[in-house]
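**Student:** The structure follows.
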Amino acid sequence: MKLLVTGSSGLIGSEVVFYFCNLGWEVHGVDNNMRADFFGPQGDTRWNQERLKAQFSSFQHHELDIRDHKAVLPCLEQLRPDMLVHAAAQPSHVLAASRPYDHFDTNAVGTLNLLEATRLNVPKAVFVCMSTNSRSGRWAGGISEFWRLSGRESTPSAGSYSARLAA
Ligand SMILES: NC(=O)c1ccc[n+]([C@@H]2O[C@H](COP(=O)([O-])OP(=O)(O)OC[C@H]3O[C@@H](n4cnc5c(N)ncnc54)[C@H](O)[C@@H]3O)[C@@H](O)[C@H]2O)c1
């Protein structure tokens, strides 16, 4: 089985890489170390990228900016994964306020680029979108992993679109 993990050098993404490599999957990671741009030298994730490459021969890193749909489309066309775990993000609420364009381009446009590339190339693939419960509005109690969205919920976000795609 083949997995594509975005944000594969970050906190969540690297754990996903670790888990699925240990299960014997072929794992492809996408990251461009944007975390160093967001958080400065202390946010640099290259060490984690190198750690995963050294640890798993089944892991391959792809230097890709998810904001660039012209790069995302051929990547999906070439890799054709069975599953995607989308963990590339600008995760800070504070930075969202001071760098709104970067925040929106990464979290909204980047997610749209991946969803569209999935729809065009591997529509049957499972798409898992990591996000935050801050997005879930009145569903603050949590959303079951098995809940099938009806299309009437008040969660008009890329995350709920991806949930529908996966359902
Ligand atoms: N950390 C948590 O406890 C937690 C909990 C729940 C949900 N989440 C969600 O999981 C997601 C990931 O969070 P995290 O803590 O792993 O963040 P992180 O900052 O550690 O990792 C994000 C990764 O995405 C990469 N990235 C950013 N922009 C990119 C771009 N344009 N192209 C390619 N790669 C890019 C960064 O370089 C970084 O390695 C977020 O949506 C977050 O809200 C995190």
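The values are calculated or read from the model by the stated rules, or taken from the named source; none is laboratory data. In this text the structure is predicted, and so the values were computed from the model without any measurement. Positions of Cβ are backbone-derived with ideal geometry, glycine not excepted, and every protein chain shown enters the neighbour counts.
**Student:** Quick one: Ala54 ticks every box in (1) more than 8 Å from the ligand (Cβ to nearest atom); (2) in contact with a strand residue (DSSP E or B) (Cβ under 9 Å, 6 or more places away or on another chain) bar one, so which box is it?
**Tutor:** (2)
**Student:** Pairs needed: first member in the range 76-88, among the β-branched types (Val, Ile, Thr); second member anywhere, within 14 Å of the ligand (Cβ to nearest atom); C-beta distance under 8 Å; at least 6 residues apart or different chains.
**Tutor:** Filtered contacts from the range 76-88: Val85/Leu4; Val85/Val5; Val85/Thr6; Val85/Gly13; Val85/Val16; Val85/Val128; Val85/Met130.
**Student:** Restricting to the range 6-21, and then to whatever is more than 10 Å from the ligand (Cβ to nearest atom) and in contact (Cβ under 8 Å) with a residue 12 or more places away in the chain, can you tell me which residue is farthest from Asp82 (Cα to Cα)?
**Tutor:** Kept after step one, since they are more than 10 Å from the ligand (Cβ to nearest atom), are these residues of the range 6-21: 17-21.
Filter once more, keeping what is in contact (Cβ under 8 Å) with a residue 12 or more places away in the chain: 17-18, 20-21.
Values: Val17: 14, Phe18: 17, Phe20: 12, Cys21: 14 Å.
Per the criteria, the residue is Phe18.
**Student:** When both residues are 6+ apart or on different chains and their Cβ atoms are under 6 Å apart, which pairs have a first residue that lies in the range 120-133 and is closer than 27 Å to Pro91 by Cβ and away from the ligand (no atom under 11 Å from the Cβ), and a second that is modelled with pLDDT under 95 and in a helix (DSSP H, G or I)?
**Tutor:** Here the result reads Val126/Ala166; Phe127/Ser162; Phe127/Leu165; Phe127/Ala166, each pair linking the range 120-133 to a residue that is modelled with pLDDT under 95 and in a helix (DSSP H, G or I).
**Student:** I'd like the residue in the range 68-82 that is in contact with a His (Cβ under 8 Å, 6 or more places away or on another chain) and among the hydrophobic types (A, V, I, L, M, F, W, C) and, out of all such residues, is surrounded by the fewest Cβ atoms within 10 Å (Cβ to Cβ). So that I can check it myself, show each step before the final result.
**Tutor:** At the first step, the residues of the range 68-82 found to be in contact with a His (Cβ under 8 Å, 6 or more places away or on another chain) are 75, 79, 81.
Those left that are additionally among the hydrophobic types (A, V, I, L, M, F, W, C): 75, 79.
Values: Cys75: 21, Leu79: 19.
In this case the residue turns out to be Leu79.
**Student:** Mind listing whichever residues of the range 71-115 are over 12 Å from the mean Cα position of the chain (by Cα), closer than 18 Å to Ile12 by Cα and away from the ligand (no atom under 14 Å from the Cβ)?
**Tutor:** Matches in the range 71-115: none.
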